Amino acid sequence: MTLRVGFLGAGLIATFHSKSLRRSGADVAWAGVYDPDSARAEAFAAASGARVCDTEEAVLDGCDAVYVCTWTSEHPRLVAAACDRGLPVFCEKPLATSPADAAGMVDAVERAGVTNQVGLVLRASPAFNLLRDLIADPASGRVMSLVFRDDQYIPIQGMYGSTWRADPAKAGAGTLLEHSIHDVDLIEWLVGPCTDASARSSALHGIDGIEDAVVATLSLRDGGHVALISVWHDLLSRPSLRRVEVLCERAWLCLENDWVGPVSWTRDGDHGTLEGEALLAEVERRGLRQPTPGGSFAAAAAAGEPARPDFRTGLRAHMVVDALYRSAASGGTPVSLTEPT
Ligand SMILES: NC(=O)c1ccc[n+]([C@@H]2O[C@H](COP(=O)([O-])OP(=O)(O)OC[C@H]3O[C@@H](n4cnc5c(N)ncnc54)[C@H](O)[C@@H]3O)[C@@H](O)[C@H]2O)c1
């Protein structure tokens, strides 16, 4: 049966998900969309075929599954409303502005028994999946260090133009929570659980509660180390760029850009670089291709099955980010992390 999908929030990421759902070929129909910015709701409806609704309730009452794509502080309340109706829910990252609220959301979806997926979409990236496979290859040996640099122009301007990202009550915090929660999630997904976290941070734009320059270190269970640099600058020609460099006992591996590389590697007697179509072909050959986040959510929601990555995965990333903030507040003292559940 065709799944009727509703949207709460009609901004940048809602539009991304709507297009991604369309491309996935999933058997879905666009139901209602609500955004207090009615021009955004109208534009979203015109592009997708969704019906503009006057209230959140009207969206929830007229759909079989819902995307929560509002600014972050609205997520917990809207997810609770979806759970009250037993609706499968896709919620953007970060789940909430605090780890306590994120934990409450995990309880809510698990108690309601609803399919739940968090917007940690880079787990579906072909480039990151190839990098992960190269790291896991026994020929690489153990991971000794990983350096993750993530830089973006501060997204209160340019194509993001979202003033809420300068408001800690709506965004929770700055670059580490709002943007690099992806990176923290990817780091543990790539190289395994971290055992402690340490960070220094600054707010060079002078916006209270919105840090824009963070240097963090994380220790890996097997003895290696991670350095994460997360910066919000004013270089408008760099909307969002990641670079990851991994040194293993017998390999150097490097990823640039979020989706299709280049990914490069050097081992004794073996080196190369892949990007674009060639990278996609290699990902296919290795059996690493992932469904689009929208396609996998729609399939899981229609079948009433668990989706991946779920809210519990999102909560783990919140716990690591929170440890980094607590460390930064004390000037960089390491904070211990428990094993993920
Ligand atoms: N997964 C990703 O890669 C990714 C990328 C960008 C943003 N995000 C996350 O997605 C969320 C939205 O970000 P965005 O870039 O789309 O912001 P945006 O400003 O483009 O859109 C957010 C929209 O939510 C609307 N809104 C606020 N309260 C609402 C409510 N109660 N009901 C319905 N709509 C409401 C606002 O009017 C606004 O139009 C944030 O949590 C952000 O962190 C995730």
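The values are calculated or read from the model by the stated rules, or taken from the named source; none is laboratory data. Keep in mind it's a predicted model, so treat the numbers as computed, not measured. Because the Cβ atoms are built from the backbone with ideal geometry, glycine has one as well, and the counts that use them run over all protein chains shown. All accessible areas refer to the heavy atoms of the entire protein, side chains included, with ligands and DNA or RNA removed. Shrake-Rupley method; radii C 1.70, N 1.55, O 1.52, S 1.80 Å.
Things worth noting here:
- Value of relative contact order over the chain, rounded to a whole percent, pairs C-alpha under 8 Å and six or more apart: 20 percent
- Environment charge of M105, counting only residues whose C-beta is closer than 14 Å and scoring Lys/Arg +1, Asp/Glu -1: -2
- Carbon + sulfur, % of accessible area of the chain - ligands and nucleic acids excluded, 1.4 Å: 53 percent
- For region 1-66, the relative contact order works out to 45 percent when only alpha carbon pairs closer than 8 Å and six or more residues apart are counted.
- Highest-MSF residue in the chain out of D107, D37, D222 [GNM, Cα springs under 10 Å]: D37
- Residues D270, D310, ordered by accessible area of protein heavy atoms at a 1.4 angstrom probe radius and largest first, appear as D270, D310.
- Span-rule helices in the chain, defined as complete DSSP H runs reaching 27 Å or more along the axis (Cα) with Kyte mean at least -0.5: none
- Test item: Cα-centred dipole of region 35-166, Lys/Arg +1 and Asp/Glu -1 on Cβ, debye: 520 debye
- Percentage of interatomic Cα-Cα distances in region 150-257 larger than 22 Å: 35 percent
- Taking all protein chains together, T115, T70, T341, T273 sort by accessible area into T341, T273, T70, T115, largest first [probe 1.4 Å].
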